[in-house]
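The values are calculated or read from the model by the stated rules, or taken from the named source; none is laboratory data. In this text, all values refer to a predicted model and were calculated from it rather than measured experimentally. No Cβ is skipped: glycine too gets one built from the backbone with ideal geometry, and neighbour counts run over all protein chains shown.
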Amino acid sequence: MAGLTLDNVTKIFDDDGEEIVAVDDVSIDIADGEFLVLVGPSGCGKSTTLRMIAGLEQISEGEIRLGESVMNDVPPTKRDVAMVFQSYALYPHMTVRENMAFGLEESTDMPDDEIDVRVEEAAELLGIPELLERPPSDLSGGQQQRVALGRAIVRDPAVFLMDEPLANLDAKLRAEMRTELQQLQEDLGVTTVYVTHNQVEAMTMSDRVAILNDGVLQQCATPLECYHQPNNLFVGGFIGEPSMNFFDVELRGSTLVADEFEYELSEATVASLGGETDLVLGIRPEDVSLKSAVESNHDYRTVVDVVEPMGDENVVHLVFEGSEVDEDNLFTAVLDGMKSVDSKQTLVAEFPEEAIHLFDRHSGEALR
Ligand code: ATP
């Protein structure tokens, strides 16, 4: 077992003479046994990063190390990593047992009886021993997924690499497999790098999340840190559902001035802003509190546009009074499912100071 290090890793593709920087100077230290999730929007470089770790893609610059060993020029089969793909990639003409044994038969000289023991142990662990003699075509999506995992487990690798392994499952099975996979990883203690664009998976399964955008690492931290202390506007907007609300504001003295409202900051907060005046105020929908005009001691009224009942909570879309109801002006508040408000109702939205995030509008960096 060993930790995995990405040291200033860059990948440049040549697309008909045009350079595409798919991964840009990414450095991450992944601890032995850690579950790291790589997350980000489509095209941000997640799969390319994973494929470089697997050896399926050459590294343009930088170094990937497993423990102390540099992996850059080690062929994929010699890397002590096992990959699980979204498509499962099972061989249709082989039984489950043969599929699970195949990698070991091909790439090691392990005796058949030992391979058999490993396959049966993995099948037991995954709850699929009764499926061993069946072809993949006889299995459900969830069962095929387990076989794909089994094939990785029997190799007893130092690192699991998983590329959206749950993407083809329906929502219920996906949620079940999420917990199961996480438990399995913890029990086996194998260092895991898991790619997804699903932020629920990223937030619930990982020890740490590495958030990529345009090939650049934005933040690598625990899910809670990314949620509570986003490094920049991108992370603030990417993590959390519904997304963080943003308002352009200007700091004048100790007052944040927006088109729609003014907000008085404490001295301590002003001091933390380092003299920057062009800012973005971020507030999570769950931190917005909605009050009636009599309950509130400020008078920036908002008008409710639509309420989306989600069961355990209500998502309220509103605008400041006098603003046009359009995408640029609407913001959201999340209320407990027991509380609701009516469409067109006038309310006061309060943003508690301890919950607001302030970003430098030009660099996007979090100042507070
Ligand atoms: P998705 O979630 O859609 O799979 P991703 O985050 O995994 O996206 P990558 O597949 O790593 O993103 O792609 C990163 C960038 O590199 C994209 O701009 C993509 O078009 C480009 N890219 C990937 N593979 C190649 C290639 N073989 N040749 C040229 N460009 C490539």
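So in segment 190-243, with the set limited to residues that are within 16 Å of the ligand (Cβ to nearest atom) and charged (D, E, K, R), which one is surrounded by the fewest Cβ atoms within 10 Å (Cβ to Cβ)?
214
Which helices (runs of 4 or more DSSP H) sit wholly inside segment 167-283 and have at least 3 residues that are over 15 Å from the mean Cα position of the chain (by Cα)? Working first, answer last.
Working: elements: 171-188, 199-205, 223-228, 233-238, 267-272.
The qualifying helices (runs of 4 or more DSSP H) are 171-188, 267-272.
So the check is Cβ under 9 Å with 6+ separation or different chains; which pairs have a first residue in segment 189-201 that's closer than 17 Å to residue 6 by Cα and a second one that's in a helix (DSSP H, G or I) and among the acidic types (Asp, Glu)?
Qualifying pairs under 9 Å: 194/201.
Can you tell me which residue is farthest from residue 124 (Cα to Cα) among those in segment 156-166 that are assigned to a loop (DSSP other than H, G, I, E, B) and not small (Gly, Ala, Ser)?
164
I need a count of the residues in segment 26-65 that are among the acidic types (Asp, Glu) and in a strand (DSSP E or B).
Qualifying residue count for the region: 3.
Can you tell me which residues in segment 260-289 are without any contact (Cβ under 8 Å) to a residue 60 or more places away in the chain and within 22 Å of residue 344 (Cα to Cα)?
261, 285, 286
Exactly one condition in (1) surrounded by fewer than 12 Cβ atoms within 10 Å (Cβ to Cβ); (2) touching a Gly at 6+ places or on another chain (Cβ under 8 Å); (3) touching a residue at least 60 places away in the same chain (Cβ under 8 Å) is false for residue 352; which is it?
(2)
Examine segment 15-25 for a residue that is within 14 Å of the ligand (Cβ to nearest atom), assigned to a loop (DSSP other than H, G, I, E, B) and either buried (at least 16 other Cβ atoms within 10 Å of the Cβ) or outside the structural domain of residue 216 (by TED's automatic domain parsing) (or both), and state whether such a residue exists.
Among the residues of segment 15-25, not one is within 14 Å of the ligand (Cβ to nearest atom), assigned to a loop (DSSP other than H, G, I, E, B) and either buried (at least 16 other Cβ atoms within 10 Å of the Cβ) or outside the structural domain of residue 216 (by TED's automatic domain parsing) (or both), which makes the answer no.
For residues in segment 297-311 being part of a loop (DSSP other than H, G, I, E, B) and either within 18 Å of residue 334 (Cα to Cα) or acidic (Asp, Glu) (or both), which is farthest from the chain's Cα centre (by Cα)?
Pass one, segment 297-311, residues part of a loop (DSSP other than H, G, I, E, B): 297-300, 310-311.
Going one step further and asking which of them are either within 18 Å of residue 334 (Cα to Cα) or acidic (Asp, Glu) (or both), we end up with 299, 310-311.
Working: 299: 38, 310: 22, 311: 24 Å.
Restricting to residues being part of a loop (DSSP other than H, G, I, E, B) and either within 18 Å of residue 334 (Cα to Cα) or acidic (Asp, Glu) (or both), the top hit is 299.
Can you tell me which of 159, 117 is of a type in the set (Val, Ile, Thr) and under 24 Å from residue 197 (Cβ atoms)?
159
Yes/no matrix, rows are residues, columns are (1) among the hydrophobic types (A, V, I, L, M, F, W, C); (2) at pLDDT 95 or above:
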residue: 60; (1), (2): no, yes
residue: 80; (1), (2): no, no
residue: 86; (1), (2): no, no
residue: 91; (1), (2): no, no
residue: 102; (1), (2): yes, no
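Give me the pairs, please: first residue somewhere in segment 355-368 and in contact (Cβ under 8 Å) with a residue 12 or more places away in the chain, second residue anywhere and of a type in the set (Asp, Glu), beta-carbon distance under 7 Å, and either six or more positions apart or on two chains.
Going by the 7 Å Cβ cut-off, the qualifying pairs are 355/287; 359/365; 360/276; 361/248; 361/278; 362/278; 367/276; 367/360.
Conditions (1) among the aliphatic types (A, V, I, L, M); (2) under 30 Å from residue 38 (Cα atoms); (3) assigned by TED's automatic domain parsing to the domain that holds residue 225, marked per residue:
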| residue | (1), (2), (3) |
| --- | --- |
| 256 | yes, no, no |
| 264 | no, no, no |
| 267 | no, no, no |
| 301 | no, no, no |
| 313 | no, yes, no |
| 338 | yes, no, no |
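Condition check ((1) surrounded by 18 or more Cβ atoms within 10 Å (Cβ to Cβ); (2) on the phi < 0 side of the Ramachandran plot; (3) outside any loop (DSSP other than H, G, I, E, B)) across all residues:
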{"position": "294", "(1), (2), (3)": "no, yes, no"}
{"position": "317", "(1), (2), (3)": "no, yes, yes"}
{"position": "323", "(1), (2), (3)": "no, yes, no"}
{"position": "339", "(1), (2), (3)": "no, yes, no"}
{"position": "342", "(1), (2), (3)": "no, yes, no"}
{"position": "358", "(1), (2), (3)": "yes, yes, yes"}
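Any residue in segment 40-55 that is within 8 Å of the ligand (Cβ to nearest atom) sitting within a Cβ distance under 6 Å of a residue that is at pLDDT 95 or above and among the polar types (S, T, N, Q)? List the pairs, counting only those 6 or more apart or interchain.
These pairs meet every condition: 40/213; 44/213.
It is to be established whether one or more residues within segment 261-272 are of a type outside the set (A, V, I, L, M, F, W, C) and more than 17 Å from residue 355 (Cβ to Cβ).
Yes: segment 261-272 contains one or more residues that are of a type outside the set (A, V, I, L, M, F, W, C) and more than 17 Å from residue 355 (Cβ to Cβ).
Are any residues in segment 66-100 assigned to a loop (DSSP other than H, G, I, E, B) and of a type in the set (S, T, N, Q), and if so, which ones?
Those that are assigned to a loop (DSSP other than H, G, I, E, B) and of a type in the set (S, T, N, Q): 72, 86, 87, 95.
Could you tell me whether segment 147-155 includes any residue that is outside any helix (DSSP H, G or I) and touching a His at 6+ places or on another chain (Cβ under 9 Å)? Reasoning before the result, please.
First pass over segment 147-155, keeping only residues outside any helix (DSSP H, G or I): 154-155.
Subset that is touching a His at 6+ places or on another chain (Cβ under 9 Å): none.
The answer is no; no qualifying residue exists.
Check 109, 187, 138, 170 and return the single one that is assigned by TED's automatic domain parsing to the domain that holds residue 56, loosely packed, with under 14 Cβ neighbours inside 10 Å and under 30 Å from residue 45 (Cβ atoms).
Numbers: 109 fails: under 30 Å from residue 45 (Cβ atoms); 187 fails: under 30 Å from residue 45 (Cβ atoms); 138 fails: under 30 Å from residue 45 (Cβ atoms).
Residue meeting the stated conditions: 170.
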